[in-house]
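> Let me begin by handing over the structure; questions about it come next.
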Amino acid sequence: MQYRPTAVDGAFVVSLEPRGDERGFFARVFCAEEFGRHGLEASISQINTSASAKAGTLRGLHYQIAPHGEVKLVKCIRGAAFDVVVDLREGSPTFGQWAGETLSADNRLMMYVPKGCAHGFLTLEDDTEMLYPATAPYHGPSERILRWNDPRFAVEWPRQPSVLSDKDAGAVDYDPARHRPGY
């Protein structure tokens, strides 16, 4: 695997290194030992998938606050999506910055999302499916949602979303107080 840094400290676009023959190819999607050598978290406790019927579906920007923060490794297994990471880690050299990458079944790229970063994606094709292992299980009281178009972060989405859940549509702009436990 190859690891390309993004504009967000600790977030990487991960490329597979397929080995092919007449049958097709083989590639590792995850290797705990290799992740560890790159200083990345390698313990997976939950694997999530989502399917979106329509292009223009936006999911996010979601994150979990400490002590339930999670790392995600996001991969598109059908269709295509614009995947986004927003750095919400106070004290991080890239606090407030975002990074985005098109992930598709064809390009087989993955996004490594560090703890303390909000994550979301916008589907670019109908029938898009995403798969993402996470290092912590979902913990509802620790979930936070950042409004997808919060002007403080100015994420440049490739198109206007047309489908959002009620929860995502009702998300609010970033408030540092909401980022702390006990809010």
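The values are calculated or read from the model by the stated rules, or taken from the named source; none is laboratory data. As the structure is a computational prediction, the values presented were derived from the model and not from experiment. Reconstructed Cβ throughout: ideal geometry from the backbone, glycine too, with neighbour counts over all protein chains shown.
> Need pairs with beta-carbon distance below 6 Å; first residue more than 25 Å from R108 (Cα to Cα) and within region 127-156, second of a type in the set (D, E); sequence gap 6+ or separate chains.
Once the first residue is more than 25 Å from R108 (Cα to Cα) and sits in region 127-156, its partners that are of a type in the set (D, E) give R147/D173; D150/D173.
> Could you list, in sequence order, the residues of region 143-183 that are crowded, with 16+ Cβ neighbours inside 10 Å, assigned to a loop (DSSP other than H, G, I, E, B) and among the acidic types (D, E)?
D150
> When you scan region 3-52 for strands (runs of 3 or more DSSP E) that lie fully inside it, which ones turn up with 2 or more residues that are crowded, with 16+ Cβ neighbours inside 10 Å, at pLDDT 90 or above and at negative phi?
Numbers: elements: 12-15, 19-21, 24-26, 46-52.
Where strands (runs of 3 or more DSSP E) fall fully within region 3-52 and carry at least 2 residues being crowded, with 16+ Cβ neighbours inside 10 Å, at pLDDT 90 or above and at negative phi, they are 12-15.
> Here's a follow-up. Filter region 77-91 down to residues that are in a strand (DSSP E or B) and not small (G, A, S) and give me whichever is surrounded by the most Cβ atoms within 10 Å (Cβ to Cβ).
If we filter region 77-91 for residues that are in a strand (DSSP E or B), which is where we start, we get 77-78, 80-87.
Adding the requirement that they be not small (G, A, S) leaves 77-78, 82-87.
Working: I77: 15, R78: 15, F82: 20, D83: 27, V84: 26, V85: 32, V86: 28, D87: 24.
Filtering first and then ranking leaves V85.
> Right, next: Taking L103 as the residue in question, decide whether it is surrounded by 15 or more Cβ atoms within 10 Å (Cβ to Cβ), free of Cβ contacts under 8 Å to residues at least 40 places away in the same chain and part of a strand (DSSP E or B). Lay out the reasoning, then the answer.
Details: surrounded by 15 or more Cβ atoms within 10 Å (Cβ to Cβ): yes; free of Cβ contacts under 8 Å to residues at least 40 places away in the same chain: yes; part of a strand (DSSP E or B): yes.
Yes; evaluated as a whole, the condition is true for this residue.
> Now for a separate question. Can you tell me which residues in region 15-41 are over 21 Å from G69 (Cα atoms) and in contact (Cβ under 8 Å) with a residue 60 or more places away in the chain?
S15, L16, P18, A27, V29
Conditions tested, residue by residue: (1) touching a strand residue (DSSP E or B) at 6+ places or on another chain (Cβ under 7 Å); (2) assigned to a loop (DSSP other than H, G, I, E, B); (3) surrounded by fewer than 18 Cβ atoms within 10 Å (Cβ to Cβ); (4) at pLDDT 95 or above.
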site: K54; (1), (2), (3), (4): yes, yes, yes, yes
site: E70; (1), (2), (3), (4): yes, yes, no, yes
site: K75; (1), (2), (3), (4): yes, no, no, yes
site: P93; (1), (2), (3), (4): no, yes, yes, yes
site: P141; (1), (2), (3), (4): no, no, yes, no
